Amino acid sequence: MRKKIVWGIITVIVLAVLLLPLVDKTSGTTRVIVDHTNKEIVAPSCYDQADLTNWIDEMSFGNALHELEYDIRDECSKKYLQEGKTSVLMRIFE
């Protein structure tokens, strides 16, 4: 009886860790391109579509978003650089 209770608790904990939104949709260490003139964040795959100036730099997504407080304005970049939380299970399948 005690084993069933312990296994039930372990199962609930594992399911909660896998299904609850605990991780960021875009990792803070993801490398992005920033345009310092426009104060804009651009995903590297959207570089050709973005209208950037000559004052660009590369840095982590977390630094650009939280320290410099730049915005994601390009629709292509919004698709690749999503804010918010997601579950571990969804992150594995992406």
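The values are calculated or read from the model by the stated rules, or taken from the named source; none is laboratory data. Just so it is clear, the model here is predicted, and its values are computed rather than measured. All Cβ positions, even for glycine, are placed from backbone atoms using ideal geometry, and neighbour counts span all protein chains on display.
Which condition breaks for Ile33 when tested against (1) modelled with pLDDT under 90; (2) within 15 Å of the chain's Cα centre (by Cα)?
Only one criterion in (1) modelled with pLDDT under 90; (2) within 15 Å of the chain's Cα centre (by Cα) is unmet by Ile33, namely (1).
Taking the range 53-76, which residues are assigned to a helix (DSSP H, G or I) and either under 15 Å from the mean Cα position of the chain (by Cα) or over 23 Å from Asp24 (Cα atoms) (or both)?
Going residue by residue through the range 53-76, those that are assigned to a helix (DSSP H, G or I) are 61-67, 75-76.
Answer for the range 53-76, where residues must be assigned to a helix (DSSP H, G or I) and either under 15 Å from the mean Cα position of the chain (by Cα) or over 23 Å from Asp24 (Cα atoms) (or both): Phe61, Gly62, Asn63, Ala64, Leu65, His66, Cys76.
Within the range 42-52, is there a residue that is under 21 Å from Phe93 (Cα atoms) and either part of a loop (DSSP other than H, G, I, E, B) or modelled with pLDDT of 90 or more (or both)?
If we filter the range 42-52 for residues that are under 21 Å from Phe93 (Cα atoms), which is where we start, we get 43, 45.
After this cut, where a residue has to be either part of a loop (DSSP other than H, G, I, E, B) or modelled with pLDDT of 90 or more (or both) as well, the list is 43, 45.
Among the residues of the range 42-52, at least one is under 21 Å from Phe93 (Cα atoms) and either part of a loop (DSSP other than H, G, I, E, B) or modelled with pLDDT of 90 or more (or both), which makes the answer yes.
Residues Lys4, Lys79: which one is assigned to a helix (DSSP H, G or I) and either within 15 Å of the chain's Cα centre (by Cα) or touching a residue at least 24 places away in the same chain (Cβ under 8 Å) (or both)? Steps first, please.
On the way: Lys4 fails: either within 15 Å of the chain's Cα centre (by Cα) or touching a residue at least 24 places away in the same chain (Cβ under 8 Å) (or both).
Only one candidate qualifies: Lys79.
Determine whether the range 20-29 contains at least one residue that is among the polar types (S, T, N, Q) and either in a strand (DSSP E or B) or modelled with pLDDT of 90 or more (or both).
No, the range 20-29 contains no residue that is among the polar types (S, T, N, Q) and either in a strand (DSSP E or B) or modelled with pLDDT of 90 or more (or both).
Based on this model, can you work out whether Thr86 counts as in contact (Cβ under 8 Å) with a residue 24 or more places away in the chain, out of contact with any His (no Cβ under 7 Å at 6 or more places or on another chain) and not in a loop (DSSP other than H, G, I, E, B)?
Values: in contact (Cβ under 8 Å) with a residue 24 or more places away in the chain: yes; out of contact with any His (no Cβ under 7 Å at 6 or more places or on another chain): yes; not in a loop (DSSP other than H, G, I, E, B): yes.
When the stated conditions are applied, Thr86 passes them.
Can you name the residue in the range 28-86 that is loosely packed, with under 15 Cβ neighbours inside 10 Å and touching a Pro at 6+ places or on another chain (Cβ under 9 Å) and is also nearest to Leu18 (Cα to Cα) among such residues?
The residue in question is Lys85.
For the range 54-94, which positions are closer than 30 Å to Ile13 by Cα, touching a strand residue (DSSP E or B) at 6+ places or on another chain (Cβ under 7 Å) and not aliphatic (A, V, I, L, M)?
Step one: list which residues in the range 54-94 are closer than 30 Å to Ile13 by Cα, which gives 62, 81-94.
Adding the requirement that they be touching a strand residue (DSSP E or B) at 6+ places or on another chain (Cβ under 7 Å) leaves 81, 85-88, 91.
Those that are closer than 30 Å to Ile13 by Cα, touching a strand residue (DSSP E or B) at 6+ places or on another chain (Cβ under 7 Å) and not aliphatic (A, V, I, L, M): Lys85, Thr86, Ser87, Arg91.
Out of curiosity, is Thr11 exposed (fewer than 13 other Cβ atoms within 10 Å of the Cβ), more than 17 Å from Glu94 (Cβ to Cβ) and in contact with a Phe, Trp or Tyr (Cβ under 6 Å, 6 or more places away or on another chain)?
Working: exposed (fewer than 13 other Cβ atoms within 10 Å of the Cβ): yes; more than 17 Å from Glu94 (Cβ to Cβ): yes; in contact with a Phe, Trp or Tyr (Cβ under 6 Å, 6 or more places away or on another chain): no.
No.
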